[in-house]
Each structure stands twice: as C-alpha cells, then as structure tokens.
1. Any residue at all in region 160-168 that is in contact with an Asp or Glu (Cβ under 9 Å, 6 or more places away or on another chain) and open to solvent by 10 Å² or more (accessible area, probe 1.4 Å)?
2. Condition test on residue 69, is it under 21 Å from residue 36 (Cβ atoms), at pLDDT 95 or above and either loosely packed, with under 13 Cβ neighbours inside 10 Å or not acidic (Asp, Glu) (or both)?
3. Would you check if there is a residue in region 192-202 being open to solvent by 10 Å² or more (accessible area, probe 1.4 Å) and of a type in the set (Phe, Trp, Tyr)?
4. Could you tell me which residue of region 172-188 is surrounded by the fewest Cβ atoms within 10 Å (Cβ to Cβ), considering only residues that are of a type outside the set (A, V, I, L, M) and touching a residue at least 12 places away in the same chain (Cβ under 8 Å)?
5. Kindly state which helices (runs of 4 or more DSSP H) lie completely within region 1-117 and contain at least 2 residues that are polar (S, T, N, Q) and within 16 Å of the ligand (Cβ to nearest atom).
6. I want to confirm something. Restricting to region 118-135 and keeping residues that are hydroxyl-bearing (Ser, Thr, Tyr) and part of a loop (DSSP other than H, G, I, E, B), which single residue is modelled with the highest pLDDT?
7. Tell me, please, whether a residue that is closer than 19 Å to residue 187 by Cβ and open to solvent by less than 10 Å² (accessible area, probe 1.4 Å) can be found in region 82-100.
8. Which of the residues spanning region 115-137 are touching a residue at least 24 places away in the same chain (Cβ under 8 Å) and closer than 21 Å to residue 230 by Cβ?
Amino acid sequence: MSSAQSVSPALPTGLKAVLFDMDGVLFDSMPAHAASWAKICTECGLQMSVRDVYLNEGRTAESTIEVLTQRTWGRSTNPEEVDRIYALKCEEFKNYPEADVMPGATDVLDAVLRTGQQIYIVTGSAQDSLLDRIYTHLPGYFERQRVICGKDYQHGKPDPEPYLMGLQRAGVSADQAVVVENAPLGVRAAKAAGIFTIAVNTGILDDADLLAEGADLVFPSMEALAEAWPTLCR
Ligand code: CA
C-alpha cells in the first residue's frame, strides 16, 4: 500500500525546506546499528534487545548507554564507560556490510527538488566515516552546509535542538519546514521543534509507535513517500 497510513493532514502551505534524518531514512543502516548495539551491550551485561535499539534510535551514544545502565544497574554511566562501550560498538559495526542508500531515497530527494524545496540532513551521527557516505553515495545532493550532525549541537534527539538548528541553517521558520524521520524519538524531537513530521516506517516498530510521538503522516517506505509527494505538495 502506497498511501499514507493515517488521515492525511495537509503539508504546510509556503513549504520551503525539508529536513531529512539520515540513518533509516536516507541510508538502510539501522539493521547493522541495531545488531551491533544489541550484541555489544549484551556482552557488556546491559539489557538491550534489537527492539530497544529501534525505540532508542536517535539518542547519542552517551544517552543510549545512560538509559541502559540506569535500567540494568540502577546507576548513571560515566565517560570512560561510554567511550569503552561505544568503541566496541563501532568496531562491531565495521563487521557488517556498508549500508546501501535506502530504496526510494533519491526518488524522494528528486521529488522534493522538483517541487522547489531546499533539502537538509539533520542527524545524530558524528562519525566522519558515516557522514562521508553522504557525499560519496548521494553525490550532488548535499553540500556540507546542508548537513547538521552530532558535532554541531549540544543536546541530541529527542531534544528539539538538532531540528531547531536545521531551521536556523535553512533560514526558515517551523511552519515553512517538514521533517522526514523513521524513529519515535526523532519524531518527538521534530514535533518539539514545532515542525510538521512525516514518518517513514522502515524498521521493525509499529506505525502506532510513530503516531504516538505525534507523527503527522506515516508511510511504509521512502518509495511510497516519493510516489505520494507530488500530491502531498500540491
Ligand atoms: Ca533515524
């Protein structure tokens, strides 16, 4: 089914910019992130299922590990522990094949460019090796100024700061923008920034998990969003 899964509210009139999340939206990288987080955390004695990874997607590594140490051991984490576990996770992640561009992602980007909006990326990722893929795998779409990454702000998703920074970078107000997200906490961050939010459910969660955070529309894939965009944007 290619139509939206919820009653379709209209996109903002005077839409000027579309802010895209990266992992799980533009790149099909979440299965590898989920498997490597779950494996390493379990080995470290922290309770974390693959579903937990998807539910916490969008948090910084530090925030993710804090959630887990609180839940498993009833205490805060510390910088040494974060560095150690995150280094293990990054090493484990290298064992997986490099993530492909999400099917339909370039179709969505092309559709948005055709209807005249600016495109930006707002990601929690701060790893240069992952950010570099934007320029190698999606050549010509995003110059550096159009990428807001984990190194650019203080408070990660679900805080609204990353998306507020996206608005600032684009020079638009919240009612002139749309966010495309795949994660519940990413939707929460975007809605907290006051932005119309389209969720694409590319992972293992239910649409209800995304709608519960306030997603205005939910699509089952980027292909479905690409197909619907010209109608949505009319
Ligand atoms: Ca994501």
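The values are calculated or read from the model by the stated rules, or taken from the named source; none is laboratory data. Given the structure is predicted, the values throughout are model-derived calculations rather than measurements. A quick note on method: Cβ atoms are made from the backbone with ideal geometry, for glycine too, and the neighbour counts reach across all protein chains shown. The area values use the complete protein model at the heavy-atom level, side chains included, leaving out ligands, DNA and RNA. Shrake-Rupley method; radii C 1.70, N 1.55, O 1.52, S 1.80 Å.
1. yes
2. Details: under 21 Å from residue 36 (Cβ atoms): yes; at pLDDT 95 or above: yes; either loosely packed, with under 13 Cβ neighbours inside 10 Å or not acidic (Asp, Glu) (or both): yes.
Yes.
3. yes
4. Looking only at region 172-188, we keep the residues that are of a type outside the set (A, V, I, L, M), and these are 173, 175-176, 181-182, 184, 186, 188.
Next, only the ones that are touching a residue at least 12 places away in the same chain (Cβ under 8 Å) stay: 175-176, 181-182, 184, 186, 188.
Values: 175: 13, 176: 19, 181: 30, 182: 26, 184: 26, 186: 31, 188: 22.
Residue satisfying both the conditions and the ranking: 175.
5. Values: elements: 30-43, 50-56, 61-73, 79-93, 105-114.
Those helices (runs of 4 or more DSSP H) span 61-73.
6. Of region 118-135, the ones hydroxyl-bearing (Ser, Thr, Tyr) are 120, 123, 125, 129, 135.
Those left that are additionally part of a loop (DSSP other than H, G, I, E, B): 123, 125.
On the way: 123: 94, 125: 83.
Ranking the candidates gives 123 first.
7. no
8. Within region 115-137, the first condition is being touching a residue at least 24 places away in the same chain (Cβ under 8 Å), and the residues that meet it are 115, 117-127, 130, 133-134, 137.
The answer is 115, 117, 118, 119, 120.
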